[in-house]
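A.B. asks: Quick one: structure below, then a few questions.
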Amino acid sequence: MMLSGFTFVRNAVQFDYPVVESISSALPVVDELVVAVGDSEDGTLDLIESIGDPKVKIVKTSWDDSLREGGRVLAQQTDVALSHTRGDFCLYLQADEVLHEDCFRAVLDAAGHYLNDSEVEGFLFSYLHFYGSYHTYYDGRPFYPREVRVVRNGIGVSSWRDAQGFRRKGRKLRVVEIDAQIYHYGWVRSPGKMVEKQRNLDRYWHDDGWLSRRYEEGFEIYSNLRGLKYFTGSHPKVMRERIEKADWEFNPPEEKLKLGAMMRLRRWFEEKVSRRPIGEYRNYILLKR
């Protein structure tokens with residue numbers, strides 16, 4: 001059984017993506033890791049080459065910056081990386097997603113267990129979305145609580161829409177949920193750097209007029225605070241140095257984090273009764289195993 005990893009990246013230095021940490025977190029569990037490195041102006045290629053692991057396979061790519069609808073270019077770059085993999089299963093991490101070392105065993109065990117079960121087309125992971133700092137996070141709204149991050153290779157799987165998930169020839173993948181989490185750090189930077197990064201990323205969904213209105217003077221990047229939680233667990237080891245270097249303060253008042261009565265009732269129902277967020281978008285078919 002061979003397990004591949006794949007990802008894509010562009011201008012990681014300029015926008016402070018933890019891509020080295022992301023790749024490093026996957027290397028212990030994969031036999032190869034394909035990185036589609038887009039045409040960058042900031043030394044991103046040198047950064048990826050500096051990892052110095054023979055498992056890392058770099059594919060140089062060019063981005064079509066005219067693809068400014070629905071984040072399609074992100075899916076296109078994902079597909080480029082996936083097309084160069086050779087594994088039976090493929091682990092996908094975006095450049096701001098990190099796999100905790102406590103989850104290595106779950107990924108490897110699942111890949112071995114379901115290798116010959118062709119009905120299983122992928123594995124579903126839960127998410128922790130860090131926001132504002134390394135000690136505050138969401139495990140659901142306003143982000144997605146879970147997503148497919150391992151896919152079976154060679155069956156026609158491709159990235160879907162803006163690269164959040166995958167489809168097989170247009171239909172949802174049949175997947176099993178495994179006991180593994182993705183640590184998502186896409187919303188953790190100093191406020192100034194976060195605005196710079198997010199404005200650049202929003203170019204792949206919106207036109208210049210929308211960007212100007214959105215990021216006008218006085219815009220606050222960390223304003224979505226309701227339901228934000230404090231993190232008391234452990235981060236992946238590969239993130240320790242980056243976390244130690246964090247040099248900004250993010251300590252929102254407790255009253256801004258509190259949910260209203262209706263949202264508290266809704267969260268109670270989701271946690272105790274439905275066991276899933278009401279109206280959760282599922283880009284997959286969950287198999288019972």
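A.B. asks: Only bridges whose two residues both fall in the stretch 20-177 count here: according to DSSP, what percent of them are antiparallel, nearest 5?
C.D. replies: The answer is about 65 percent antiparallel.
A.B. asks: Right, another one. With a/c under 1.5 counting as rounded, go ahead and sort the stretch 6-127 into rounded, prolate or oblate using the C-alpha gyration tensor (a ≥ b ≥ c being the square roots of the eigenvalues; past the cut-off, prolate if a/b is larger than b/c, else oblate).
C.D. replies: Cα axes put the stretch 6-127 in the prolate bin.
A.B. asks: Follow-up question, since we're still on this one. Enumerate the helices in the chain for which the Kyte-Doolittle hydropathy averages 0.0 or more and the C-alpha atoms extend at least 18 Å along the helix's axis, using complete DSSP H runs.
C.D. replies: In the chain, no H run is both long and hydrophobic enough.
A.B. asks: From the square roots a ≥ b ≥ c of the eigenvalues of the alpha-carbon gyration tensor of the stretch 120-210, which class results: rounded (a/c under 1.5), prolate (a/b over b/c), or oblate?
C.D. replies: oblate
A.B. asks: Looking only at the stretch 105-230, where both bridge partners belong to it, what percent of the DSSP beta bridges are antiparallel (to the nearest 5)?
C.D. replies: 65 percent
A.B. asks: Between Ser118 and Glu280, what FRET efficiency follows from the Cβ-Cβ distance if R0 is 30 Å, with the result rounded to 0.05?
C.D. replies: Approximately 0.65, to the nearest 0.05.
A.B. asks: Considering only DSSP beta bridges with both partners in the chain, what is the antiparallel share in %, to the nearest 5?
C.D. replies: 45 percent
A.B. asks: Give me the 1.4 Å probe accessible area per residue for the chain, excluding ligands and nucleic acids, in Å².
C.D. replies: Using a 1.4 Å probe on heavy atoms only, each residue of the chain averages 48 Å².
A.B. asks: Then there's this: Given just the C-alpha atoms of the chain, how large is their convex hull per residue in cubic angstrom?
C.D. replies: Considering the Cα atoms of the chain, their hull volume per residue is 144 Å³.
A.B. asks: When the helices in the chain are scored as -39500 (n - 2.57) per DSSP H run of 4 or longer and the sum is shared across all residues, what 222 nm value do you end up with, to the nearest 500 deg cm²/dmol?
C.D. replies: So the helix-based figure for the chain works out to -7000 deg cm²/dmol.
A.B. asks: Between beta-carbons, use under 14 Å as the cut-off and find the net charge around Cys103, counting Lys and Arg +1, Asp and Glu -1.
C.D. replies: Once positives and negatives cancel, what remains is -2.
A.B. asks: Peptides 44-55, 193-204: what's the order by average Cβ count within 10 Å, highest mean first?
C.D. replies: Most protected by this proxy first, the peptides run 193-204, 44-55.
A.B. asks: Using 29 Å as the Cα-Cα cut-off, could you pick out the over-long pairs in Lys55/Lys288; Lys169/Lys288; Lys55/Lys237; Lys60/Lys169?
C.D. replies: Cα-Cα > 29 Å for Lys55/Lys288; rest within.
A.B. asks: How large, in percent, is the carbon and sulfur part of the accessible surface of the stretch 100-194 at a probe radius of 1.4 Å?
C.D. replies: About 46 percent, which is the carbon plus sulfur part of the accessible surface.
The values are calculated or read from the model by the stated rules, or taken from the named source; none is laboratory data. Given the structure is predicted, the values throughout are model-derived calculations rather than measurements. Here the Cβ is made from the backbone with ideal geometry for all residues, glycine too, and neighbour counts use every protein chain on show. Accessible surface areas use protein heavy atoms only, side chains included; no ligands, DNA or RNA. Shrake-Rupley method; radii C 1.70, N 1.55, O 1.52, S 1.80 Å.
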